[in-house]
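Here's the structure, in structure tokens; my notes come after.
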2 protein chains.
Amino acid sequence: MLRAIQNFGSSSSGFVSQRLKPHGNCALSLVPISNKPSPLSPSHPRKPTANVSLIKGRCFRAFPVSCTGSESNPDVTSPSSPATFKSTGNIRKINFCQLCGGPTKHEIPDGEEKMRAICTLCGKIAYENPKMVVGCLIEHDNKILLCKRKIHPSYGLWTLPAGYMEIGESASEGAIRETWEEAGADVEVLSPFAQLDIPLIGQTYIIFLAKLKRLHFYPGPESSDCKLFSLDDIPFDSLAFSSMLVTLNLYVADRKVGSPKFHYGTINKRPGTSPSDIQAYTLDYHLKS
Amino acid sequence: MLRAIQNFGSSSSGFVSQRLKPHGNCALSLVPISNKPSPLSPSHPRKPTANVSLIKGRCFRAFPVSCTGSESNPDVTSPSSPATFKSTGNIRKINFCQLCGGPTKHEIPDGEEKMRAICTLCGKIAYENPKMVVGCLIEHDNKILLCKRKIHPSYGLWTLPAGYMEIGESASEGAIRETWEEAGADVEVLSPFAQLDIPLIGQTYIIFLAKLKRLHFYPGPESSDCKLFSLDDIPFDSLAFSSMLVTLNLYVADRKVGSPKFHYGTINKRPGTSPSDIQAYTLDYHLKS
């Protein structure tokens, strides 16, 4: 799906190549989430605070703050303070109602907590929700398949085949479809491998382990190359997105000690960093199953 | 989040109470996905076919067919044939461009395969993507916490606390928030438990195992009761949604043999069944990690 790839790429443009150090919590233990203020305490999330502190493997953040970053370009504005790290999406781009064509106003509806685009004629609220990006980590003969991007952003950098999940398909169907479109590879999904949320840009990556049904692949229209890499040769210094960097690091770490697990985590941009900073992102709330 | 709960409920209205029989593939073995036609064969997914056959634990379906079901009411039209089981979302409700207010046309854009709403003035394509519903399966003293719905649909039926994931939060943050809003419970997420896709209505459920930070909970504004149930007392005959039924069946099965695993699967409506049919849904592509 061309659209999915393009949008996926542009909305992740800030996630530059970097090699994450192994996280201390990548071992067997689970890292419980404790970032949310107690709902029974004065710092209930309905009462936003500006306090934010990042601890490796955990993240303590204020709840309903906002930033000007958008999905199409999450790094338009470098956050001036950690409190600007929550995205409210693209509601400023919602000027008219899809249903009746009436102009919208942007305010917090009664009984809600978030800014929404509300039609001034029919009252319809235009809700926005995070999108799922689905893809495959394809194993073959102790190697993995990567695609070299022939489109911007991240032109010339390597990625796993992935793109937006579509209405009417499951995540695994979407991952198979994207793999076919980007890598010309017919694959069978073996198991879920990772869910990585990126709250700043409203995306969640769902990555499956997969295998080739036959040893045949070729670059799709948005790839200039497709190649199998041994784990020691993965081009960690020229990966397209932080989500791929995190995924591949987790995979390599799992393979070193045994079979891959299922990983859940959140990719957060580090406060005060620019998109091109090395290790500008942290993997928080890392949980395994 | 009131909106999330209401929309979640209404968009799942077709998923009536039912007790699924244990699936044969709920054991240790993985069920590979083999439903997609080979992209290199004449039945490439870009060339849709109408052939559909359901096999327990696996699902063989045509690729880009469509139905008239919508997210807000997925069961408006009972599919007359299996080929109508793919949802194309709500594009027929997209009459105007959110950006410029121009009227839309509904057709397949150049280079794409799916029907889209395209602005006749500025050309913007209004993409729709599946939504994530996030929730918690809260364990306490060998019991689990359920909420009795005080709103329609599924008024008076039991559910895990869950609702739409919002822009700017991670899945685990959303699950914690929904649990607080629906059950007044302050919880800590322990591990990911299930991802269940429902392609027909464009939803994906992300369920986490969680524990109470303190033994305190109460019904939120959309619940009439919140209660801890032992595994033998789970009200399987009065659950609100098939997603909850599947989740709880998987959980009980896991607990009988040890610790919970992570489950991925797709909930599909059985061809020719009505929304109120017992066991009207199947869990397909069930994978474990």
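The values are calculated or read from the model by the stated rules, or taken from the named source; none is laboratory data. Remember, predicted model here, so these are calculated numbers, not experimental data. Every residue, glycine among them, receives a Cβ derived from its backbone with ideal geometry; neighbour counts consider all protein chains shown. Remember, those area values only see protein heavy atoms, side chains included, never the ligands or the DNA or RNA. Shrake-Rupley method; radii C 1.70, N 1.55, O 1.52, S 1.80 Å.
Going through region B:85-138 one residue at a time, which ones are of a type in the set (Asp, Glu), within 9 Å of chain A (Cβ to nearest Cβ) and touching a Lys or Arg at 6+ places or on another chain (Cβ under 8 Å)?
Restricting attention to region B:85-138, the residues satisfying the condition of being of a type in the set (Asp, Glu) are B:107, B:110, B:112-113, B:128.
Those still in the list that are within 9 Å of chain A (Cβ to nearest Cβ) too: B:112-113, B:128.
Matches in region B:85-138: B:112, B:113.
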Legend entry - Among residues of region B:183-208, those that are open to solvent by 10 Å² or more (accessible area, probe 1.4 Å) and either within 22 Å of the chain's Cα centre (by Cα) or free of Cβ contacts under 8 Å to residues at least 24 places away in the same chain (or both), counted: 3
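Of all residues being among the small types (Gly, Ala, Ser) and touching a residue at least 40 places away in the same chain (Cβ under 8 Å) in region A:156-182, which is farthest from residue A:270 (Cα to Cα)? Just the residue, please. Steps first, please.
First pass over region A:156-182, keeping only residues among the small types (Gly, Ala, Ser): A:156, A:162-163, A:168, A:170-172, A:174-175.
Those still in the list that are touching a residue at least 40 places away in the same chain (Cβ under 8 Å) too: A:156, A:162-163, A:174-175.
Details: A:156: 25, A:162: 24, A:163: 25, A:174: 30, A:175: 29 Å.
Checking each candidate, the answer is A:174.
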Legend entry - Residue list for region A:119-139, restricted to those being touching a helix residue (DSSP H, G or I) at 6+ places or on another chain (Cβ under 6 Å) and β-branched (Val, Ile, Thr): A:133, A:134
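For region A:152-168, how many residues are within 7 Å of chain B (Cβ to nearest Cβ) and open to solvent by less than 10 Å² (accessible area, probe 1.4 Å)? Reasoning before the result, please.
Pass one, region A:152-168, residues within 7 Å of chain B (Cβ to nearest Cβ): A:164-168.
If we keep only those that are open to solvent by less than 10 Å² (accessible area, probe 1.4 Å) as well, we get A:164-166, A:168.
Total satisfying the criteria: 4.
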Inset, instruction - Taking the residues in region B:152-191 that are among the hydroxyl-bearing types (Ser, Thr, Tyr) and out of contact with any helix residue (DSSP H, G or I) (no Cβ under 8 Å at 6 or more places or on another chain) as candidates, determine which candidate is farthest from residue B:130 (Cα to Cα). - result: B:155
Inset, instruction - Say whether the condition of being modelled with pLDDT under 95, of a type in the set (S, T, N, Q) and touching an Asp or Glu at 6+ places or on another chain (Cβ under 7 Å) is met by at least one residue in region B:255-276. - result: yes
Inset, instruction - Give region A:102-120 a look and list any residue that's in a strand (DSSP E or B) and open to solvent by 40 Å² or more (accessible area, probe 1.4 Å), or say none. - result: A:103, A:105, A:106, A:107
